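Every read-out reported here was derived from the displayed coordinates using simple, explicitly stated rules and does not represent laboratory data. Computed from a prediction, not measured in an experiment: that's the story for all the values here. Every residue, glycine among them, receives a Cβ derived from its backbone with ideal geometry; neighbour counts consider all protein chains shown.
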Amino acid sequence: MEDRQFRNAMGKFATGVNVIAAEVEGEVYGMTANAFMSVSLDPKLIVISIGDQAKMLDRIRQSGRFSVNVLSCEQQEESMRFAGQKEFEDQFEFDRLGEAPVIKDALCQLSCEVYNEHTEGDHVLFIGKVNDLVLKEGEPLIFNCGKYRRLEALEAVAK
Ligand code: FAD
């Protein structure tokens, strides 16, 4: 099976879009990620999957903490910025949620500590214990078949 065929197959699964953020020695870093899932209610655990080539891997290991920020449909630029899809001249300002750096106006900000990690193939799964969260109303940014989409368009089709 070709890698492209596998990627196309996985891209059929529509997801939201997150920015993962971590702080190391006073510097904050972000990375766009859609591999995310809720794992457990008691304790409250989530999982993210980070490629072994991503700089975020060591940043999370060094920090022992990370935030997950669910982007709104108004935040495609943030996704592109933290996926390296577009260059920006300006400095990005992170907000804080307790000790965690977070993305302002995200629909959901989760402050997590690393609970466990598992290397599987060329990715590392980080289990995060959620210590704090903030929610905001709004429509999510959607990623499907390699493209950014908005939920309103899907609702319009269903009417
Ligand atoms: P870098 O390349 O250092 O950072 C990524 C980008 O963010 C760079 O352009 C950098 O300049 C910018 N940046 C970082 N910190 C700051 C800051 N403080 N201020 C301003 N800019 C900053 N990869 C995965 O491993 N797992 C996933 O689940 C995943 N899902 C994705 C979903 C989508 C929709 C997309 C588009 C990409 C996804 N990726 C995923 C790919 C991943 O986002 C990129 O490979 C990313 O470039 C890897 O970043 P890095 O950690 O190597 O760090």
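Taking (1) surrounded by 14 or more Cβ atoms within 10 Å (Cβ to Cβ); (2) farther than 19 Å from Cys108 by Cβ in turn, Lys44 satisfies each apart from (2). Six or more apart or on different chains, Cβ atoms under 7 Å: show the pairs whose first residue is in the stretch 41-70 and on the phi < 0 side of the Ramachandran plot and whose second is in a loop (DSSP other than H, G, I, E, B) and near the ligand (Cβ under 7 Å from one of its atoms). Correct list of pairs: Ile48/Ala35; Ser49/Ala35. Just one of the numbered conditions (1) among the aliphatic types (A, V, I, L, M); (2) in contact with a helix residue (DSSP H, G or I) (Cβ under 7 Å, 6 or more places away or on another chain); (3) closer than 13 Å to Ile127 by Cβ; (4) more than 10 Å from the ligand (Cβ to nearest atom) is not true of Val24: (3).
Identify, please: which residue in the stretch 48-102 is away from the ligand (no atom under 13 Å from the Cβ) and of a type in the set (Asp, Glu) and is, among those, farthest from Gly30 (Cα to Cα)? Looking at the filtered set, the residue picked out is Glu74.
For Phe13, the test of being surrounded by fewer than 16 Cβ atoms within 10 Å (Cβ to Cβ) and part of a loop (DSSP other than H, G, I, E, B) is passed.
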